Amino acid sequence: MDYISTRGSAPALDFADATLAGLASDGGLYVPRTWPKFSEAEIAAMVGLPYAQLAQRIMQPFVGDCLTPERLLELTTQAYGRFAHQAVTPLVQLDQQHWLLELFHGPTLAFKDVALQLLGLLFEEFLGRSDRNLTIVGATSGDTGSAAIDAVAGRAKVDIFMLHPRGRVSDVQRRQMTTVLAPNVHNIAIEGSFDDAQAMVKRMFNDAAMTDRFAIGAVNSINWARLMAQIVYYFAAALQLGAPARKVAFSVPTGNFGDVFAGYVAAQMGLPIERLIVATNVNDILHRALSTGDYSQSTVTPTAAPSMDIQVSSNFERLLFDVGGRDGLALAEQMRGFESTRAMQLTNAQREGAAALFTSARADADEMMKAIRWAHVETGQVIDPHTAIGLHAAQTAGIDPAVPVVTLATAHAAKFRDAVEQATGVRPSLPLRVGDLFDREERLVQLPGDYAAVADYVAEHASPKV
Ligand SMILES: *Cc1c(COP(=O)(O)O)cnc(C)c1O
């Protein structure tokens, strides 16, 4: 399988190079040249496979010759062996129609671990075959940072620089990043929002002064391998609920559009998905884009679901590329327009293509709190604010009552204890696997929201590419 850029002019790469690359050199994102397809019989044969084996089966066509099936299975076994639940991503029934897919049993308590535990191993595998050093630069609204740091801390040939918006991540989220003292981990708190941090990271990928000296890699969901790993749990859940004979809908708390795009890919590969519900909080650019075709950025409002406080969803570009006829040069022009005016209209093809599978819904603070309370009172489940937004959307999207709806539970409630306590009166306790998080020493630097300051800091502390 080779990988092409959504903006049509960067060179195609194989899986290993696409994994190590960040943004494509033309500013686009890498996508597989074609979607691998499974037949109904092939999907039926996946029923009952242990998670690590299912993961190998789903991912092998994307990996191609870069890893043998035996090696890929070793890596998935190692990555998912660190999860605190044997099923890796267990399903919990809420009522006759609704289910939670618990994606938070990894080391840092959010779904980002599912992809990043594997990505850390892939980096090590592919760097071990070359004499390259990798400099990972990322921006986090909270959960990517801790999951990425856990996945690469102490690994050879990798440095990680993680930017977070100062004061806008929860205490648990910050400490999960800043208490990792491995010398290859660099935490940077910047003034500004997540989108400001993300914009600096994107700029660094396009800054020749940096890319000439450093191999800059990505752990954000612009990295294709992350999305690939997330496809697996859509299959895992649907297979348990009767696929391929029965269709399932998913409700996905959405920020950067990575997680829900993985669901879209699952559908392209042949998994019968009835609907993908894009759930947003009041930062609702995606809800507006999908319901009216207007993709225009407004300011970010901080909420109790900070990992969704995003107004520019990087992976939406992958969808626009695919449903818009895969015309990279046309998309490059459309995206240039967006980057200069912060607004764009979807084309008719893009709107219709998206509407075929996606529905969207938005939850304000009240609706989110109500969903947390509903789950607690009616089902005994304590859910986090992000999951609650997904659940609200699942319950209001008007899905046929005969179709099971799976809400992706993207974080453990203990990661957002204050909001959960406010809604339920119960303060969720941190699972034992996070240990003495609040007693450990923190290490981070604070920098202004200024690109030059961040670039200088990275250049001073990173290892040159060879
Ligand atoms: C990252 C994150 C999201 C949003 O996922 P995207 O892939 O960015 O759409 C939702 N919930 C939680 C808890 C997250 O950490």
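The values are calculated or read from the model by the stated rules, or taken from the named source; none is laboratory data. Everything numeric in this text was worked out from a predicted model, so none of it was measured. FYI the Cβ positions are ideal-geometry reconstructions off the backbone, even for glycines, and counts take in every protein chain you see.
Identify the residue in the range 6-27 that is among the small types (Gly, Ala, Ser) and at pLDDT 95 or above and, among all such residues, is farthest from ALA87 (Cα to Cα).
SER9
State whether one or more residues within the range 110-131 are touching a Leu at 6+ places or on another chain (Cβ under 7 Å), within 13 Å of the ligand (Cβ to nearest atom) and modelled with pLDDT of 95 or more.
yes
Looking at ASP113, ASP131, which is the one that is out of contact with any strand residue (DSSP E or B) (no Cβ under 9 Å at 6 or more places or on another chain) and within 22 Å of LEU437 (Cα to Cα)?
Of the residues listed, the single one that is out of contact with any strand residue (DSSP E or B) (no Cβ under 9 Å at 6 or more places or on another chain) and within 22 Å of LEU437 (Cα to Cα) is ASP113.
What strands (runs of 3 or more DSSP E) completely inside the range 279-396 contain at least 2 residues that are touching a strand residue (DSSP E or B) at 6+ places or on another chain (Cβ under 7 Å) and within 16 Å of the ligand (Cβ to nearest atom)?
Where strands (runs of 3 or more DSSP E) fall fully within the range 279-396 and carry at least 2 residues being touching a strand residue (DSSP E or B) at 6+ places or on another chain (Cβ under 7 Å) and within 16 Å of the ligand (Cβ to nearest atom), they are 358-362.
From the set of residues in the range 334-345 that are in contact (Cβ under 8 Å) with a residue 40 or more places away in the chain and out of contact with any Asp or Glu (no Cβ under 8 Å at 6 or more places or on another chain), which is surrounded by the fewest Cβ atoms within 10 Å (Cβ to Cβ)?
Residue satisfying both the conditions and the ranking: ARG342.
Starting from the range 302-319, take each residue that is under 14 Å from THR140 (Cβ atoms) and at pLDDT below 90 and list its partners that are surrounded by fewer than 23 Cβ atoms within 10 Å (Cβ to Cβ) and among the acidic types (Asp, Glu), counting only C-beta distances under 7 angstrom and pairs at least six apart or across chains.
Matching pairs, first to second residue: ILE310/ASP195.
Is it the case that some residue within the range 200-217 is more than 22 Å from THR396 (Cβ to Cβ), among the aliphatic types (A, V, I, L, M), within 16 Å of the ligand (Cβ to nearest atom) and out of contact with any strand residue (DSSP E or B) (no Cβ under 7 Å at 6 or more places or on another chain)?
Checked against the condition, which is being more than 22 Å from THR396 (Cβ to Cβ), among the aliphatic types (A, V, I, L, M), within 16 Å of the ligand (Cβ to nearest atom) and out of contact with any strand residue (DSSP E or B) (no Cβ under 7 Å at 6 or more places or on another chain), the range 200-217 yields no hits at all.
Okay, residues lined up against (1) within 16 Å of the ligand (Cβ to nearest atom); (2) in a helix (DSSP H, G or I); (3) in contact with a Lys or Arg (Cβ under 6 Å, 6 or more places away or on another chain); (4) among the aliphatic types (A, V, I, L, M):
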| site | (1), (2), (3), (4) |
| --- | --- |
| VAL180 | no, no, no, yes |
| PRO183 | no, no, no, no |
| ALA225 | yes, yes, no, yes |
| GLY242 | no, no, no, no |
| ARG246 | no, no, no, no |
| SER251 | yes, no, no, no |
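In the range 268-278, how many are crowded, with 21+ Cβ neighbours inside 10 Å and either out of contact with any strand residue (DSSP E or B) (no Cβ under 7 Å at 6 or more places or on another chain) or not in a strand (DSSP E or B) (or both)?
Residues that pass the stated criteria total 1.
So the check is Cβ under 6 Å with 6+ separation or different chains; which pairs have a first residue in the range 65-89 that's within 28 Å of LEU100 (Cα to Cα) and a second one that's of a type in the set (Lys, Arg)?
Once the first residue is within 28 Å of LEU100 (Cα to Cα) and sits in the range 65-89, its partners that are of a type in the set (Lys, Arg) give ALA84/ARG433.
For the range 418-436, give me the residue count where each residue is farther than 15 Å from GLN176 by Cα, of a type outside the set (Ser, Thr, Tyr) and in contact (Cβ under 8 Å) with a residue 12 or more places away in the chain.
7
Restricting attention to the range 35-91, and to residues there that are within 18 Å of GLN117 (Cα to Cα) and among the β-branched types (Val, Ile, Thr), which single residue is nearest to the chain's Cα centre (by Cα)?
THR89
Hey, does the range 115-126 have a residue that's under 18 Å from the mean Cα position of the chain (by Cα) and closer than 23 Å to VAL403 by Cβ?
There is no residue in the range 115-126 that is under 18 Å from the mean Cα position of the chain (by Cα) and closer than 23 Å to VAL403 by Cβ.
List every residue pair whose Cβ atoms lie under 8 Å apart, where the two residues are 6 or more positions apart in sequence or sit on different chains, the first residue falls within the range 140-154 and is on the phi > 0 side of the Ramachandran plot, and the second residue, located anywhere, is among the β-branched types (Val, Ile, Thr) and within 14 Å of the ligand (Cβ to nearest atom).
Taking only residues 6 or more apart or on different chains, the pairs are GLY142/VAL169.
Out of all the residues in the range 416-466, which are in a helix (DSSP H, G or I) and of a type in the set (Ser, Thr, Tyr)?
THR424, TYR451, TYR457
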